[in-house]
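S.K.: I have a structure I would like to understand better, so I am pasting it below and will then ask my questions one at a time.
The values are calculated or read from the model by the stated rules, or taken from the named source; none is laboratory data. Since this is a predicted model, take the numbers as computed values, not measurements. Every residue, glycine among them, receives a Cβ derived from its backbone with ideal geometry; neighbour counts consider all protein chains shown. Ligands, DNA and RNA are stripped out before the accessible areas are found, and what is left, the full protein with its side chains, is counted by its heavy atoms. Shrake-Rupley method; radii C 1.70, N 1.55, O 1.52, S 1.80 Å.
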Amino acid sequence: MRPIRPERGVTLIELVIAMVLVGIIVAAIAFFLSPIRQSTDLALRAELTDIADNTLQRIGREVKLALPNSVRLTSDSGVAPFHILELLALREAGRYRAEAGSIAGGVACDADDPSLGVADNDQLSFDLVPGERCFKTIGLLANAGSVTTTDYLVLNNYGPGFPGQDAYEAGAANRARIDTAVGVEANRNRIRFEQTPFARALHDSPAKRFHIISGPVSFRCDTVTSTITRYWNYGPVVPTEPVAAQPKTFTTPNAALLAEHVVGCEFEYANVGPQLGLLTMRITLRRALFGGANETVSLFHAVHVSNTP
């Protein structure tokens with residue numbers, strides 16, 4: 001019969017050693033985990049700040065390059081709040097040859113005004129002759145080759161509240177669709193547009209400026225989907241044609257996501273001086289940090305807008 005061995009327990013020394021080893025491991029984890037956590041949180045803050053800054057800079061840059069007096073806002077603070085900023089994107093701009101100006105050379109415009117010679121029709125006369133549809137520029141356009149027949153010529157745009165001088169109006173009197181590709185000559189361009197009876201009193205710019213727009217662009221901030229999205233070419237009939245009522249929803253496939261994690265937006269626009277506007281924007285982004293807390297980043301950006309038509 002074997003003798004029964006007494007059960008051997010844990011000695012006090014072994015218990016102390018185990019406790020010391022566990023303490024060392026916990027301390028090591030805490031020592032190395034804290035910097036990793038701080039680094040992760042710092043990278044997240046930097047990412048949120050970068051997203052917000054890039055979004056504000058993108059919107060501000062497009063607003064500065066928009067058709068004068070074309071920035072407008074709409075919002076809804078209801079169950080599904082949103083904020084929308086819309087503008088008419090500028091493709092090109094320049095100065096046109098006016099009456100009493102110099103006669104251009106090169107390929108002459110058509111004799112659309114029978115009271116003038118062919119060369120004189122290189123000027124924009126605003127005489128309400130139904131057939132007038134061509135003029136030449138003073139100097140060359142920077143990107144004439146980018147102008148297409150889906151773009152619109154706009155003259156002397158003063159925006160909403162100015163009948164006949166608002167490019168958003170249905171069948172706006174101060175805009176005409178580009179008819180053919182822009183002609184390039186030695187030191188000028190030839191621009192043909194669809195027949196439109198421009199009126200001298202409304203559409204003759206004091207500085208003889210013209211603008212060519214590529215169509216409407218909208219930036220929609222949606223705090224339900226937590227996104228800011230850019231939309232373009234969404235006209236209901238002609239994709240690049242502006243519409244009188246500012247759209248609030250978009251079904252166009254022409255969309256680009258600019259920012260996620262958006263929990264707040266504020267867009268404000270006002271005329272602060274003669275032909276000078278001020279757009280202020282604030283957006284707030286939020287994400288959960290490593291430990292479960294939320295990090296919130298809020299950026300503000302102001303843009304001065306030149307509205308000289």
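S.K.: So which lysines can K136 reach, going by Cα to Cα under 20 Å and dropping same-chain residues fewer than 8 places off?
M.R.: The qualifying lysines are K208.
S.K.: What is the Cα centroid distance between segment 249-264 and segment 58-86, reported in whole angstrom?
M.R.: Answer, in whole Å: 13.
S.K.: Then there is this: For segment 129-229, what % of the accessible area comes from carbon and sulfur atoms, probe 1.4 Å?
M.R.: Values: 2080 of 3800 Å².
Result for segment 129-229: 55 percent of the exposed heavy-atom area is carbon or sulfur.
S.K.: Right, here's the next one. Run through all the Cα pairs of segment 160-250 and give the fraction in each 5 Å bin from 0, expressed as whole percent.
M.R.: 3, 11, 18, 19, 17, 13, 9, 5, 3, 1, 0
S.K.: A further question follows. Just subtract the alpha-carbon distance of T74 and I25 from 0.36 nm times their residue separation and send over the number in nm, one decimal. Don't jump to the answer; show the numbers that get you there.
M.R.: Numbers: separation 49, 0.36 × 49 = 17.64 nm, distance 5.80 nm.
Fully extending the segment from T74 to I25 adds 11.8 nm.
S.K.: What order, most packed first, do the peptides 270-279, 67-76 have when packing is the mean number of other Cβ atoms within 10 Å of each residue? Could you put the intermediate results ahead of the total?
M.R.: Values: 270-279: 12.7, 67-76: 19.4.
Put in order of decreasing packing, that is 67-76, 270-279.
S.K.: What angle, in degrees between 0 and 90 and rounded to the nearest 10, separates the Cα long axis of helix 12-64 from the longest principal axis of the Cα atoms of the chain?
M.R.: 10
S.K.: Let me ask something else about it. Just from its helices, what would the mean residue ellipticity at 222 nm be for the chain, if runs of 4 or more DSSP H residues each count -39500 (n - 2.57) and the sum is divided by every residue, rounded to the nearest 500 deg cm²/dmol? Working shown, then result.
M.R.: On the way: 2 runs with 57 residues, N = 309.
Result for the chain, helices only: -6500 deg cm²/dmol.
S.K.: Further, regarding this structure: Just to confirm a number: summing +1 for Lys and Arg and -1 for Asp and Glu over residues other than R220 whose beta-carbon lies under 9 angstrom from that of R220, what do you get? If you can, show how the numbers build up before the last one.
M.R.: On the way: positive: R230, K248; negative: D222.
Value of the local net charge: +1.
S.K.: While we're here: Could you give the length gained on full extension between D53 and E268, defined as 0.36 nm per residue of separation minus the Cα-Cα distance, in nm?
M.R.: Details: separation 215, 0.36 × 215 = 77.40 nm, distance 1.74 nm.
The span from D53 to E268 would gain 75.7 nm if fully extended.
S.K.: In Å, what is the Rg of the alpha-carbon atoms in segment 163-309, and how long is Dmax?
M.R.: In Å, with Rg to one decimal and Dmax whole: 20.1, 67.
S.K.: Next up: Which values of log₁₀ I(q)/I(0), to two decimal places, follow from the Debye formula for the chain at q = 0.07, 0.12 Å⁻¹ with a uniform point scatterer at every Cα?
M.R.: -0.42, -0.86
S.K.: Follow-up. What's the extension gain from L65 to K248 if we count 0.36 nm per residue and subtract their Cα-Cα distance? Before the final figure, lay out each step's value.
M.R.: Working: separation 183, 0.36 × 183 = 65.88 nm, distance 2.26 nm.
Contour length minus the Cα-Cα distance gives 63.6 nm.
S.K.: If you don't mind, another one. Suppose R0 equals 45 Å; then what is the FRET efficiency for S146 and N294 from their Cβ-Cβ distance, rounded to the nearest 0.05?
M.R.: Values: r = 44 Å, r/R0 = 0.99.
So, using R0 = 45 Å, E works out to roughly 0.50.
S.K.: FRET efficiency for A43 and L276, Cβ-Cβ distance as r, R0 = 41 Å, nearest 0.05?
M.R.: Details: r = 40 Å, r/R0 = 0.98.
Working from the Cβ atoms, E equals 0.55.
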